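Inspection log for the structure reproduced underneath, given as structure tokens.
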Amino acid sequence: MVHESLAATQAVVTLDVGLPGIVWGWIITMNMWAKSIGTGVIFMLFYLLKKYPNEAGYLRFPLTVISIVAIHVFLFFTVIDLHQMFRFWHIFVYGHFTSAIAVGSFLATGFVGLIFLLAYASYIKKDNALFDKVLTWTVLLGIPVTLYTAALMAQSTARELWQMPTEAVQMILAATLSGSATVLLVGAKLPYEAKRDMAVVLGFSAFMAFLIYMSEYVFGPMKAEEVAATLEFIKGHGEYTTMFWIGQVFAFIIPMVLVTLSVQNKSTGLLTLASVSALAGLWVTKHVWLVIPQLLSMS
């Protein structure tokens, strides 16, 4: 709020007052979840075209469309979260590179341009060689687009739970988990070997993400008192305990079990359930991890 205005210099003095309650809520959860899908399917498509170029070729356009839709969901929820959403263009005209959101805006814009070029190459020009060349650059740009949210959260220096490089690893794992799950849902015509590879990526991503969350859950209180206080919201009788474990079970534990059974039995019947569980559970997991640090008073 404005405290006083100095007429001589036209300077405005404001009071730096902490905002009570949750500032980043479900809108930012949607932001991160959709971005993970949008970049993750591109990563998985790159892998499939390298290893199974003939069998996975038909996925070029469908996965590009999914990426376009998911990234625009991510951008939509990014814009509506801005306090002055109709001035978002200021980031590009008056932008600077001291904030992760400014850097991320340029990266995301470049990524959008490349995935539209992929759509042009696959649907209009029907040039697979051009598509594959552009896809390589899209994957390279997709990595920092995936990671920038972790950098943005890490800039909140008063929130010890959101620290690099842990959050960066979780962002990559979220992309590989959601990307492989999406491919398994839409890639019914893929051969068993390709589905098995996607299942292994899904299971490994779930295992590593679960391991990191459990490490923070168990050992986080040793790092800082603030982390210990934050984790109390998901421990014991904390108000987010149930939601936290629902997210962990559906995002990681169920997919790990179903992928293991699928690979052992050489059957892909359980992978649809594993994929749906992973995508739904990932949203819940991201939401809890986003909200709980904001419940802790900074005063």
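The rows are residues; the columns are (1) farther than 19 Å from ALA251 by Cα; (2) in contact (Cβ under 8 Å) with a residue 12 or more places away in the chain; (3) in a helix (DSSP H, G or I).
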{"site": "VAL23", "(1), (2), (3)": "yes, yes, no"}
{"site": "ILE27", "(1), (2), (3)": "yes, yes, yes"}
{"site": "MET32", "(1), (2), (3)": "no, yes, yes"}
{"site": "VAL41", "(1), (2), (3)": "no, yes, yes"}
{"site": "LEU48", "(1), (2), (3)": "yes, yes, yes"}
{"site": "GLU55", "(1), (2), (3)": "yes, yes, no"}
{"site": "ARG60", "(1), (2), (3)": "yes, yes, yes"}
{"site": "VAL65", "(1), (2), (3)": "yes, yes, yes"}
{"site": "ILE68", "(1), (2), (3)": "yes, yes, yes"}
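Taking the listed residues ALA228, ALA188, ALA209, ALA224, the one that is of a type in the set (A, V, I, L, M) and in contact with a Gly (Cβ under 8 Å, 6 or more places away or on another chain) is ALA228, with no other qualifying. Here PHE74 meets each of (1) of a type in the set (Phe, Trp, Tyr); (2) under 26 Å from GLN294 (Cα atoms); (3) at pLDDT below 85 with one exception, condition (3). When each of VAL249, VAL183 is tested for being surrounded by fewer than 23 Cβ atoms within 10 Å (Cβ to Cβ) and either within 22 Å of the chain's Cα centre (by Cα) or free of Cβ contacts under 8 Å to residues at least 12 places away in the same chain (or both), the lone residue that passes is VAL249.
At pLDDT 85 or above, surrounded by 13 or more Cβ atoms within 10 Å (Cβ to Cβ) and in contact with a Phe, Trp or Tyr (Cβ under 7 Å, 6 or more places away or on another chain): does that describe LEU135? Here the answer is yes, as LEU135 does meet what is asked. Evaluate region 90-97: report whether one residue or more is of a type in the set (Ser, Thr, Tyr), over 21 Å from the mean Cα position of the chain (by Cα) and under 27 Å from LEU130 (Cβ atoms). No, region 90-97 contains no residue that is of a type in the set (Ser, Thr, Tyr), over 21 Å from the mean Cα position of the chain (by Cα) and under 27 Å from LEU130 (Cβ atoms). Entry remark, region 258-289: residues being crowded, with 16+ Cβ neighbours inside 10 Å and free of Cβ contacts under 8 Å to residues at least 24 places away in the same chain number 2 in total. Only one entry of PHE233, PHE204, PHE210 meets the criterion of being without any contact (Cβ under 8 Å) to a residue 60 or more places away in the chain, closer than 22 Å to PHE252 by Cα and buried (at least 18 other Cβ atoms within 10 Å of the Cβ), and that entry is PHE210.
Run down VAL103, VAL65, VAL73 and say which single residue is out of contact with any Lys or Arg (no Cβ under 7 Å at 6 or more places or on another chain), among the β-branched types (Val, Ile, Thr), surrounded by 14 or more Cβ atoms within 10 Å (Cβ to Cβ) and over 24 Å from SER180 (Cα atoms).
On the way: VAL65 fails: over 24 Å from SER180 (Cα atoms); VAL73 fails: over 24 Å from SER180 (Cα atoms).
After ruling out the rest, the residue left standing is VAL103.
The single residue among MET164, MET208 that is in a helix (DSSP H, G or I), aliphatic (A, V, I, L, M) and farther than 19 Å from LEU261 by Cβ turns out to be MET208.
The values are calculated or read from the model by the stated rules, or taken from the named source; none is laboratory data. From a predicted model like this one, the values you see are computed outputs, not experimental measurements. Note: ideal-geometry Cβ built from the backbone for every residue, glycine included; neighbour counts use all protein chains shown.
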